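Inspection log for the structure reproduced underneath, given as structure tokens.
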Amino acid sequence: MTAMQSPAAPTAARWRAIVTDPIFIAAAVAVAIVLVGQLVSPGFGAYSQVVGMVRVASFLGIMAIGQTIVILSGGDGIDLSVGKTATLGAIVAARIMDGSDSRLLLGILVPVLVGAVIGLVNGLGIAYLRIPPFVMTLGMTGVVAGIALAYTGGAAAGRSAPALTGLVNNRGLFDVPGVVYVWIVLIVAVTWLLRRSVAGWNIYAVGSNRVAANLSGVPVRRNVIMAYVASSVFACLGGILLLGYTESVFLNLADSYTLPTVAAVIIGGTLASGGVGGYLGTAIGALVLTFLTSLLSTMNMPESWRTITSGVVLLVLLGMYGRQRKLRT
Amino acid sequence: MASLDITGVDKRYGGVQALKGASLSVAEGEVHGLLGPNGSGKSTLNKVMAGAVRPDAATIRLDGQDLRIHGPQDAHHHRIESVYQQLSLIPHLTVAENLVLGTEAARAGWLTPKAQLVEVDAMLERLSPVLGGGIGPRTRVGSLNPGTKQLLEFAKVVLRRPRFLVLDEATASLHRDQVALLFAMVRELTAEGVGVVFVSHRMEEVLDLCDRATIIRNGLNVATVDVKDTDEQELVRLMVGDLARAAGRGERPAPSRDGQPVLSVRGLQAEGLADVSLDVHPGEIVGLGGLQGQGQSELLTGIFGASPAQAERIEVAGDPVEFRNPRSAIAAGLALVPGDRASEGLYSVRSIQENISTVTLGRRARAGLVIDARAEKEAATSQVDALRIKIGALADAVSTLSGGNAQKVVVAKWLLSEPRIVLLDDPTKGVDVGAKAEIYAIIRDLTAQGVGVILNSSDDVELAELADRVLVLYEGRIVQELEGTDVTHDNLVAAALRISDDDTKES
Amino acid sequence: MTTPPQTTVGAIRDGSWQRYLTFSLSTWVTIGLLIVVTALNVALQPTFFTTYSLTSNFATFAPLVFAAVAQAVVVIGGGLDLSIGSIVALASVVALTVMDGEPSRVAIGVLAAIVTGVIAGAINGFIVGVIRLQPLIATFATNSVFAGAALVVLPKPGGMVPSTMTTGYRSLVIGIPVSVLIVVLAIVLYWLLSRTRLMRHIRAVGGDRSAAFASLVPVVRVQMASYIVAGAFAGLAALAILANTGSGDPFVGSSMALDSIAAVVLGGIALAGGRGSGIGAVAGAIILAMVSTVLSFMGVPTTWRQLASGVIIVAAIALSVVMSRKDQR
Amino acid sequence: MKKSHALGLAAVAASAALISACSAPATSGSPAASSGGDGPFTIGVSNAFVASEYRTQMIDAIEQTFDEYKAEGVVDKLVMENADADVNGQIQQIRNLINQGVDAIIVDPNSATALSAVFDEAISQGITVIAIDQAVDSPDVLNVGISQQDLGAASAEWFASAVGDGASIVTVEGAAGNPATDARWAGAEPVFAEHNIEVLTHGDGGWDQATGQTVATDLLATYPNVDGIWTYDGMAQGVLRAVEAADKTDSVTVGGEARVGFLRMWTDLVDSGSDFASVGVINPPGTGATALHFAINLLQGKELDQSKVTDGHSIILPLDTPVTNDNLADTWAGVSDQADTYVLDSILSADEVAQYFQ
């Protein structure tokens, strides 16, 4: 983050700071994957393919906004319910929109409200009952899955509004689909909010030292709760966009996104213990993960080796900058 | 005669040089005092011996042989054992489990506790008169009081049969009779030829127990003396250097105490505090004295709404207030510079700018929401300039700063809130001399503006220099009040040790 | 712990009788939950105590029981292992391949499962202890690696477990179902483990890493060992699954990591480490398994069952967490 | 649907026959289903994957058919074990059913082999076990369903003729290691070989249209000159969307699926004047209800006509006529008001099932 905040003074130390910055490393890895992909299977680095991959990354990226905030807010923060919440958001949205543009707005608002309630429950359990976030959100995963099942009766119905499908699937300016612009706007907005709003600074304060934050008059619990609310809200938003991608919804649409959101945050250089990092890194982390998945699937590598490779890549990246403090200092 | 010699120890933490070629030599059978003001590097030196800290440079010799100590286990291998200032008991384990931790008897990995339990029982039996009731080998350690824990820590190390024993502030939380027992046991050990390094802030303990003493200051050796040939004044002089002499009462006129107090507390109760009442007048510095850990910090956090406390009445400038949390206290014009800078005062991984801004962020923000980057920068810069904080850039993490500058950042964030009452909990702990003087100047400036200050300090020299009045606490109560010219170093030491009654000195 | 409640003032100040009560709280929650689900099971299922019912129920509990003990060891040591499930999968397919359906090779198969678990655990331990990556994200990454490896060993479900294993698993020894004995074995193994110096050190490291380091505990080695022991238990879980299913499946155990964590929390083990017992985790695993059985016997409509179980589990976890925190005071 | 209508009548007929035919009391715990019983029977269903609309449709059909039998007094209780579970969890489900004293179990198995032992437990207690959707190896369990291999072959036949001999294609298939994925490929591979079609790579679509869409996009980028993408139910809609996004619906042939969402896109394309062609081979979720008919017949003591049984314990149901451009309009008219996830279905009537018995 430091590299981003300070004016670029081209001294050696400054350069070293930039080169060892997780964001730089992650971005370099993302570029490297595209280059390797282009060498291994020509066409992988083509403009339209890269745009296509960025589009796919946007779903993960948007769901990871909340995960970033939750992890930044510290206290072993993590939200394991994002995948299920995103799925529920998409299910509710599909049912409300039901293929009609006139209900688009309602179809976005209601799921977002549903998400806010889920996040509120997570936040209250974590802030007031002081249930460890890992356990609380893991438990909520079961609850949200249950809600989705009870709500749909086992078969999700409805369809995305055409405008939403168009936003995600139709190419717009520079052949780039609208969803990518939405994501870019969100990257700018979230990064800006984290750096330039009172709420954002308070998240960093709470994440880096809760005792000091409390003693400085920062409302710790309120910030923690808001982080989880934001997480579920962005999860639902991501789910809604995913609905636009597939047009119709199914019961495990976004379930598999949970752990990748955490991975994207960590690859993006946000400290797992909170207080340091930001959304730009996460967005690049989402690109890295998506590019990697795409590369491995076009390389005709069997599923087994693809799984192994992605695990190893994650470990190597973490080894480069995710190490914890030594005991003997 | 066998001895443990450690020489040429250098250790740097970030921007702070904790040790610069310090050395220490302990002979078999002696108790060797290690003295120095706070932050002089005593604990770091001890930890180097214990293997808990990796020195930048050091030579350790045992009986003339070079030793390599890469970790606590290496030290243990040479039977060098330490009681750290920060206790190393595991809260969820029992007393017996803690006492043998790391040295459990085992056959092929399976615990064979019987023989050891006999030793543990014997040790607990020995300690039992001063240990408090109901503590047995199967008691869990977590809920025990600090004194008991400290004794157990000592017992744990003694059970390891040390040849050399480091006791770093091992008596800080102990009662008088507990200290007496510990001393008796130390003397038994030295009689058996054990060499002991003894660190304590209580001069009379050093004079009582030690044969020799090494004094370090700012990471450098000052002197090694035979305790028999010296006295308390001399030791204090060596420890604090010229500072003690130079410390005057400052130029400040004594504040008036006629008007309405800016802060008035009646009947404050909390854990570790019993029925404390006090008044602070505008421009007044009220010191909190006594041995540390007698409720001073609890009093400050209790007033500030940061820890559960009930008061009959708290008034700020005559208005009754009730602080449920620090936020309400801040709104009423209070500020707290907490005792543990790193864990309570700073966001160490965040920038200096953010640390300075945190309390007053909402005031400068547009509509209370959006940060005005220029206003933030100006505010922080003004504080950095005013307090002469030495920084690289405002965007640098606060962890890059030295102790004194970091503390100034804590102070700076409060100055921006323009407080009416400032609560300072040991504000110069681990701060070097120069920065200390600057912090004193800041405190005096505040009082000149009519701010009321409560200052808790572990440094009696500091209280003597700054405080208009000192409330001496003992076991959570105000037991004595020193005022005006009575606030002297000697009186403070006397009051802290509660020897004034016996010595029939002035009070 | 045997101090009677009526006690002297001195004892109250030292907190011994209060500690007696509060120490029990989280244990009592676990025991209480176990009693409640068992009672419901017995009430709803009159055949509960028949030999077949006992055999079959415990046969299903056993794999999660071992996985929960594995997780318990790691969690007590202050870590977390998200890869338990894929270690189970890997160990099971390796053992299956080694045995190749030959009853004479059962012993080698057992050894192979445990050794596989130990190796996987050593990899986890090395990454967490020596390389110092954050356990959550590190084991998430190794989870991919092990899951991929399982697919390499056995690309698709199949293979035969020696019939001696499957029939033995369902038989009786002196009138007691073998599956019950195997769950008892898990308890006995943990009890034996708890009497080793290693487990004492694991608890110390989980309780306070730096204090343990200062107290001569070889922290890094102990951390590694905790993952290795967990791997060994995961190997045993793999064997229980093989005996229960009679066949191999590289995808088995996918839900086991999160289930084992839920079991550990239900068993009164604090995720912060240092506290609790693997025997609690056994109880937690059984509670978790029985909740779904109870709901099915209660005739809760299937679309609502998941929601019901989610809510019950969250409530039980909250109770367990809140009570175990009271122990700390 | 049409066949469901027939079902009601069939059920009436069947139960009428039943009431008159069955008078001998059933001995509980009779070792074999063939010994016959007079009911009413308790039926158990085990499904270990609920987050799937296909499975829900399957369960719904079973419930509907069950209710019709119940109205006739043939059955009295349906015990549902319907929750996400792995193999071990499904074993627990089946044991729960055994413990609840069911007479027959209809199971959509998670594994072909891993449930064998628990099936033996059920059968030894006299329970009739029928596996649907995925065949199992246990010789005493009756498999009822279409052949996934035949489905793969049928889809590949159409596809091969659409892309032509010697074409280059890629595939987007289900999850690696999944039996249905392997069986479908086993059916398709010889067909492609026969037509000299080169398969450049196999994509893994994870039975999930979002993944299918992403993988197809990736493959189109790296193999821009492919003649077709062979895929099937679950992923086809996503693949088609990727092809559409690449603007290649005219040049790239897409294997299809018999699901409303896909049919809608297909119809829209055809309506917009495209000569897009595809195929939807039906994998009917209604097999579950068909299996219930088999279960009732077996419980009533009827003997299977061994000439209609494959490898001793499998009933291979014939494939329905696939959806192609020829019958697309008619098919679409019948299902256009269903949800996108609805799968074209067929349930054998009780009469049709009776044909399988002696």
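Overview of results
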read-out	value
A:G217 being among the small types (G, A, S) and out of contact with any Ser or Thr (no Cβ under 6 Å at 6 or more places or on another chain)	yes
Failed criterion for C:I127 (all others in (1) facing another protein chain (nearest Cβ under 10 Å); (2) open to solvent by 40 Å² or more (accessible area, probe 1.4 Å); (3) without any contact (Cβ under 8 Å) to a residue 60 or more places away in the chain hold)	(2)
Selection from region C:75-120 of residues that are under 17 Å from C:A138 (Cβ atoms) and among the β-branched types (V, I, T)	C:V75, C:I84, C:I87, C:I119
Pairs with Cβ under 7 Å, 6+ apart, first in region B:399-416 and not assigned by TED's automatic domain parsing to the domain that holds B:K436, second basic (K, R) and open to solvent by less than 10 Å² (accessible area, probe 1.4 Å)	none
Residue list for region A:200-225, filter: facing chain B (nearest Cβ under 7 Å) and small (G, A, S)	A:A205, A:S208, A:A212, A:S216, A:G217
Checklist (1) closer than 22 Å to A:S273 by Cα; (2) open to solvent by 50 Å² or more (accessible area, probe 1.4 Å) applied to A:V185, failing item	(1)
From the options D:A114, D:A85, residue that is in a loop (DSSP other than H, G, I, E, B), open to solvent by less than 10 Å² (accessible area, probe 1.4 Å), facing another protein chain (nearest Cβ under 9 Å) and closer than 28 Å to C:V93 by Cα	D:A114
Residue in region C:87-103 that is among the hydroxyl-bearing types (S, T, Y), assigned to a helix (DSSP H, G or I) and open to solvent by less than 10 Å² (accessible area, probe 1.4 Å) present	yes
Residues of region B:224-235 classified as touching a helix residue (DSSP H, G or I) at 6+ places or on another chain (Cβ under 8 Å) and in contact (Cβ under 8 Å) with a residue 60 or more places away in the chain, total	2
For A:A30: the one exception among (1) in contact (Cβ under 8 Å) with a residue 12 or more places away in the chain; (2) within 14 Å of chain D (Cβ to nearest Cβ); (3) within 23 Å of D:Q213 (Cβ to Cβ)	(2)
C:F251 vs. criteria hydrophobic (A, V, I, L, M, F, W, C), open to solvent by 10 Å² or more (accessible area, probe 1.4 Å) and in a loop (DSSP other than H, G, I, E, B)	yes
Residues located in region C:49-85, provided they are open to solvent by 10 Å² or more (accessible area, probe 1.4 Å) and without any contact (Cβ under 8 Å) to a residue 12 or more places away in the chain	C:F49, C:T50, C:Y52
Search result, residues across region A:40-85 that are under 28 Å from A:G139 (Cα atoms) and small (G, A, S)	A:A57, A:S58, A:G61, A:A64, A:G66, A:S73, A:G74, A:G75, A:G77, A:S81, A:G83
Unique residue being within 24 Å of D:A258 (Cα to Cα), assigned by TED's automatic domain parsing to the domain that holds D:A258, touching a Pro at 6+ places or on another chain (Cβ under 6 Å) and not polar (S, T, N, Q) when the list is D:G177, D:G203	D:G177
Test for D:V163: is it in contact with a Gly (Cβ under 7 Å, 6 or more places away or on another chain) and either in the same structural domain as D:I132 (by TED's automatic domain parsing) or not small (G, A, S) (or both)	yes
Out of A:G275, A:G281, A:G239, sole residue that is away from chain C (no Cβ under 11 Å) and surrounded by fewer than 24 Cβ atoms within 10 Å (Cβ to Cβ)	A:G275
Unique match (being at pLDDT 90 or above, out of contact with any Ser or Thr (no Cβ under 9 Å at 6 or more places or on another chain) and either in a helix (DSSP H, G or I) or of a type in the set (D, E) (or both)) among A:I284, A:I308	A:I284
Helices (runs of 4 or more DSSP H) fully within region B:58-169 counting 2 or more residues that are in the same structural domain as B:D10 (by TED's automatic domain parsing) and touching a residue at least 60 places away in the same chain (Cβ under 8 Å)	B:146-159
Qualifying positions in region D:143-174 - under 20 Å from D:T253 (Cβ atoms) and acidic (D, E)	D:E157, D:D165, D:E173
Qualifying positions in region B:388-415 - part of a loop (DSSP other than H, G, I, E, B), more than 19 Å from the chain's Cα centre (by Cα) and not aliphatic (A, V, I, L, M)	B:R388, B:K390, B:G392, B:D396
Test set (1) crowded, with 24+ Cβ neighbours inside 10 Å; (2) among the charged types (D, E, K, R); (3) more than 30 Å from A:R222 (Cα to Cα) - A:D21 fails condition number	(1)
Any hit, region A:160-178, residues being open to solvent by less than 20 Å² (accessible area, probe 1.4 Å) and either within 14 Å of chain C (Cβ to nearest Cβ) or of a type in the set (F, W, Y) (or both)	no
Residue pairs meeting the criteria (Cβ under 9 Å; at least 6 apart or on separate chains; first within 12 Å of A:N214 (Cα to Cα), in region B:318-332; second hydroxyl-bearing (S, T, Y) and open to solvent by 30 Å² or more (accessible area, probe 1.4 Å))	B:P326/B:T301
Which listed residue, of B:G339, B:G345, is modelled with pLDDT under 85 and in contact with a helix residue (DSSP H, G or I) (Cβ under 7 Å, 6 or more places away or on another chain)	B:G339
Restricting region D:90-111 to residues that are buried (at least 24 other Cβ atoms within 10 Å of the Cβ) and in a loop (DSSP other than H, G, I, E, B), the residue that is nearest to the other protein chains (Cβ to nearest Cβ)	D:S111
Filter result (without any contact (Cβ under 8 Å) to a residue 24 or more places away in the chain, within 34 Å of the chain's Cα centre (by Cα) and surrounded by 21 or more Cβ atoms within 10 Å (Cβ to Cβ)) within region B:355-387	B:L361, B:E376
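Listed here are the residues, each with its yes/no results for (1) more than 10 Å from chain C (Cβ to nearest Cβ); (2) open to solvent by less than 20 Å² (accessible area, probe 1.4 Å); (3) within 29 Å of B:R140 (Cβ to Cβ); (4) touching a helix residue (DSSP H, G or I) at 6+ places or on another chain (Cβ under 7 Å).
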position	(1), (2), (3), (4)
B:S40	yes, yes, no, no
B:A52	no, yes, yes, yes
B:A57	yes, no, no, no
B:G64	yes, no, no, no
B:H78	yes, no, no, no
B:E81	no, yes, yes, yes
B:T94	no, yes, yes, no
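The values are calculated or read from the model by the stated rules, or taken from the named source; none is laboratory data. In this text, all values refer to a predicted model and were calculated from it rather than measured experimentally. Here the Cβ is made from the backbone with ideal geometry for all residues, glycine too, and neighbour counts use every protein chain on show. Side chains are part of the model used for accessible areas, which takes the heavy atoms of the whole protein and leaves out ligands, DNA and RNA. Shrake-Rupley method; radii C 1.70, N 1.55, O 1.52, S 1.80 Å.
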